[in-house]
Amino acid sequence: QVQLVESGGGSVQPGGSLRLSCAASGSAITINDMGWYRQAPGNQRELVASITSGGSTNYADSVKGRFTISRDNAKKTVYLQMNSLKSEDTAVYLCNARITIWRYGSSRDYWGQGTQVTVSS
């Protein structure tokens with residue numbers, strides 16, 4: 001069974017930093033693109049950053065220069081380093097991964113449970 005487990009959320013003051021982690025569990029799988037989304041109350045879910053299996057990255061304009069996404073394929077883990085945090089970054093952050101299960105030969109998106117990030121003075 002494939003699962004994504006996130007960690008690293010919390011509360012921080014404006015200008016502070018947090019690092020989120022998301023580890024995938026499961027065997028006989030291939031993890032393709034991975035990414036982080038966020039959803040604030042009353043807002044739609046939005047893509048924050050994504051990374052391909054080869055390491056190519058993509059960022060939302062609002063986080064460029066402040067957030068860095070990376071992954072460790074051996075650990076099946078994706079990270080989001082968040083620096084210079086602003087109050088508008090407050091949201092639930094969700095990990096996403098497109099995973100192929102070898103047994104079935106098909107790919108689908110998997111989601112983590114979400115981790116709260118609160119930026120407030």
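The values are calculated or read from the model by the stated rules, or taken from the named source; none is laboratory data. For clarity, every value in this text was computed on a predicted model and none was experimentally measured. Note that we place each Cβ from the backbone using ideal geometry, even for glycine, and neighbour counts take in every protein chain shown. What goes into the accessible areas is simple: the full protein's heavy atoms, side chains included, and nothing from ligands, DNA or RNA. Shrake-Rupley method; radii C 1.70, N 1.55, O 1.52, S 1.80 Å.
In segment 85-105, which residues are open to solvent by less than 60 Å² (accessible area, probe 1.4 Å) and among the hydroxyl-bearing types (S, T, Y)?
Those that are open to solvent by less than 60 Å² (accessible area, probe 1.4 Å) and among the hydroxyl-bearing types (S, T, Y): T90, Y93, T100.
Using beta carbons and a limit of 9 Å, which pairs, at least six apart or on different chains, have the first residue in segment 89-104 and closer than 22 Å to T52 by Cα and the second one among the basic types (K, R)?
Y93/R38; L94/R38; L94/R45; A97/K76; R98/R108; I99/R108; T100/R108; I101/R108
If I31 satisfies all but one of (1) open to solvent by 20 Å² or more (accessible area, probe 1.4 Å); (2) under 24 Å from V119 (Cα atoms); (3) in a strand (DSSP E or B), what's the number of the condition it fails?
Condition not satisfied by I31: (2).
For segment 35-52, how many residues are closer than 17 Å to A24 by Cα and either among the β-branched types (V, I, T) or open to solvent by 20 Å² or more (accessible area, probe 1.4 Å) (or both)?
Number of matching residues: 4.
Tell me whether segment 110-117 contains one or more residues that are over 19 Å from V2 (Cα atoms) and either among the β-branched types (V, I, T) or open to solvent by 30 Å² or more (accessible area, probe 1.4 Å) (or both).
Yes, segment 110-117 has at least one match.
Every residue in segment 72-109 that is among the aromatic types (F, W, Y) and out of contact with any Lys or Arg (no Cβ under 8 Å at 6 or more places or on another chain), please.
W102, Y104, listed by residue number.
Has segment 53-63 got any residue that is open to solvent by 30 Å² or more (accessible area, probe 1.4 Å) and in contact (Cβ under 8 Å) with a residue 40 or more places away in the chain?
no
Quick grid of which residues meet (1) within 12 Å of I31 (Cα to Cα); (2) hydroxyl-bearing (S, T, Y); (3) in contact with a Leu (Cβ under 6 Å, 6 or more places away or on another chain); (4) not in a strand (DSSP E or B):
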site: N58; (1), (2), (3), (4): no, no, no, no
site: L80; (1), (2), (3), (4): no, no, yes, no
site: L85; (1), (2), (3), (4): no, no, no, yes
site: E88; (1), (2), (3), (4): no, no, no, yes
site: V92; (1), (2), (3), (4): no, no, no, no
site: R103; (1), (2), (3), (4): no, no, no, yes
site: R108; (1), (2), (3), (4): yes, no, no, no
site: T118; (1), (2), (3), (4): no, yes, no, no
site: S121; (1), (2), (3), (4): no, yes, no, yes
